[in-house]
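Heads up: the structure comes next, in structure tokens.
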Amino acid sequence: MITCNPIKQETLSIVVDNDRPFVRINDLLDYLELPQQDEVDTGFPFLVSRHFASLMAKGNPNDPLLLQVLPVAAEKEPSPGFCLDPLADCDAHQGQGILQKYHGRALLVATGACAIHCRYCFRRHFPYTSHSLGNSQIDDVLSTLAERPDLSEIILSGGDPLTLSTDKLSRLISGLRSISHVKRIRLHSRAPVARPSLLNDNLCRLLAPVAGCPTVLVLHINHPREIAPQLADKVAKLRKDGVLLLNQAVLLKGVNDSAGCQALLAEALFEHGILPYYLHQLDKVQGAAHFQVDDAAARELYAELRSLLPGYLLPRFVVESPGASSKIPVM
Ligand SMILES: *Cc1c(COP(=O)(O)O)cnc(C)c1O
Ligand code: SF4
């Protein structure tokens, strides 16, 4: 059994940063010098970090960063083919927040919280409260996973795993590292984009790979402007520590739906040592239909993107299909 060095809990402190997020639409619009709008009750609360807001252009109602987070009335309109749980996550749920769809790897819904609320999110209707990990449940989950030698990779997801306190994350990660069949720990997170300061030194130290158990951090960056200098600093630190950095983006109408924008994103990611991993065709979750790029236009975009980029910078263009044994290449 490989036992990786667990991080000593006492060296870690609770994550602190002073980003006071926007929780009211009109406060953000005010900050952006845009006209006020009626609050829309969509059932998925509005949440935008100060940092993310600071990357938006003032006075532009069509800013690609703003469009990702601004609730609109269209979210409430039913659209054919769009549903509450488009990926059948509830079917794949094995209890304790463990979702398994694919061979050898399972995804752990470590928390329901995020550092920002993205309107297109496919988990916007996921019943998080019944799946989130409380402190007391971490040991139970670890025992369950310890009895699953078929799982060589555990993906911490959510919500956003990097919104967990460093103490909780440390318990989870060191616990996973002590399970001999867990060969890789992956984190899927948008928190560094929304609030780079969350990646404090303690957290970076915790993410640094240990022998026999490397760490993969899959960021979620949709637009080149999301790569702020504050994020670049943290990314450089993680890279120096040996964390493999990948990115997944979602193809979103009005946000990043041109080959030019996707090419710029890929180039900007590479400049910071992050490799494009997936470009997702939108999951058909109720409330997100206004972000959809239809399949024909999406294929055309991707064909053009392929002609613009070296192969290693081309993200795999995929769609999720409930019950499939992997994500499905669109082309
Ligand atoms: C997307 C996803 C994964 C990861 O898939 P990869 O192709 O390995 O990136 C794993 N489990 C679940 C449930 C997923 O939705
Ligand atoms: S950060 Fe990720 S999980 Fe959270 S709302 Fe955005 S896309 Fe969804």
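The values are calculated or read from the model by the stated rules, or taken from the named source; none is laboratory data. Values in this document were obtained by computation on a predicted structure and should not be read as measured data. Neighbour counts are summed over all protein chains in view; Cβ atoms, including those assigned to glycine, are modelled from backbone coordinates with ideal geometry. Remember, those area values only see protein heavy atoms, side chains included, never the ligands or the DNA or RNA. Shrake-Rupley method; radii C 1.70, N 1.55, O 1.52, S 1.80 Å.
Quick notes on this structure:
- For K101, the residues 5 or more places off, or on other chains, whose built amide H falls under 5 Å of its own are L107.
- Selected from S197, Y312, V255, residue furthest toward positive end of dipole (the chain; charges at beta carbon): Y312
- With Cα atoms, 0 to 90° folded angle of helix 259-271 axis to the chain main axis: 30
- Computed from point charges on the beta carbon alone (+1 for Lys and Arg, -1 for Asp and Glu), the dipole magnitude for the chain about its Cα centre is near 940 Debye.
- Global geometry of the chain, whether rounded, prolate or oblate, following the gyration tensor of its Cα atoms and the 1.5 cut on a/c: rounded
- Comparing L65, G81, H51 along the charge dipole axis of region 50-99, the residue lying farthest to the positive side is H51, per the Cβ-charge model.
- Between helix 229-240 and the chain there is an angle of about 30 degrees, using the helix long axis and the longest principal axis of the Cα atoms.
- Near the amide H of V285, within less than 5 Å, lie the amide hydrogens of C83, all on another chain or at least 5 residues away, with H placed in the peptide plane.
- Separation of alpha-carbon centers, region 209-236 and region 149-179, rounded to whole Å: 17
- Restraint check, K76/K253; K58/K284; K284/K327; K168/K327; K101/K240, Cα-Cα greater than 21 Å: K58/K284; K168/K327; K101/K240
- Scattering curve values for region 100-204, log₁₀ I(q)/I(0), Debye with Cα scatterers, q = 0.12, 0.13, 0.22 Å⁻¹: -0.40, -0.47, -1.28
- Cβ charges +1 (Lys, Arg) and -1 (Asp, Glu), total dipole of region 134-194, debye: 240
- Percent carbon-and-sulfur accessible area, the chain, ignoring ligands, DNA and RNA, probe 1.4 Å: 53
- Stretching the chain fully between N62 and K240 yields a gain of 60.4 nm (0.36 nm per residue, less the alpha carbon separation).
- With Cα atoms, 0 to 90° folded angle of helix 295-308 axis to the chain main axis: 70
- With all protein chains in place and ligands, DNA and RNA left out, the 1.4 Å accessible area ranks M331, M56 as M331, M56, largest first.
- 19 Å cut-off, amide nitrogen to a point 7 angstrom out along R316 Cα→Cβ, residues in region 291-306: 299, 302-303, 305-306
- The value of relative contact order for the chain, using C-alpha pairs under 8 Å at least six residues apart, is 19 percent.
- Measuring nothing but alpha carbons in region 14-85 and taking Rh as the Kirkwood radius, the Rg to Rh ratio lands at 1.02.
- Site pair S197 and D295 shows an inter-label distance of 4.6 nm when each label is modelled 7 Å from Cα along Cα→Cβ.
- For region 105-164, the alpha carbon convex hull comes to 88 Å³ per residue, rounded to a whole number.
- Beta bridges by DSSP in region 188-259, antiparallel share as percent, to the nearest 5: 10
- Estimated Rh, region 27-153: Kirkwood, alpha-carbon pairs, angstrom: 17.3
- Relative to the compact-globule estimate of 2.2 N^0.38 Å, the Cα radius of gyration of region 197-277 comes out at 1.15.
- Entry comment: accessible area of the chain is 43 Å² per residue, from protein heavy atoms only and a probe of 1.4 Å.
- One decimal place: the segment V72-D233 gains 54.6 nm when fully extended, by the rule 0.36 nm per residue minus the C-alpha distance.
- Once the Cβ-Cβ distance of E147 and V330 is raised to the sixth power relative to R0 = 35 Å, the FRET efficiency obtained is 0.45.
- Note on region 175-279: with charges restricted to the Cβ of Lys and Arg (+1) and Asp and Glu (-1), its dipole about the Cα centre is near 400 debye.
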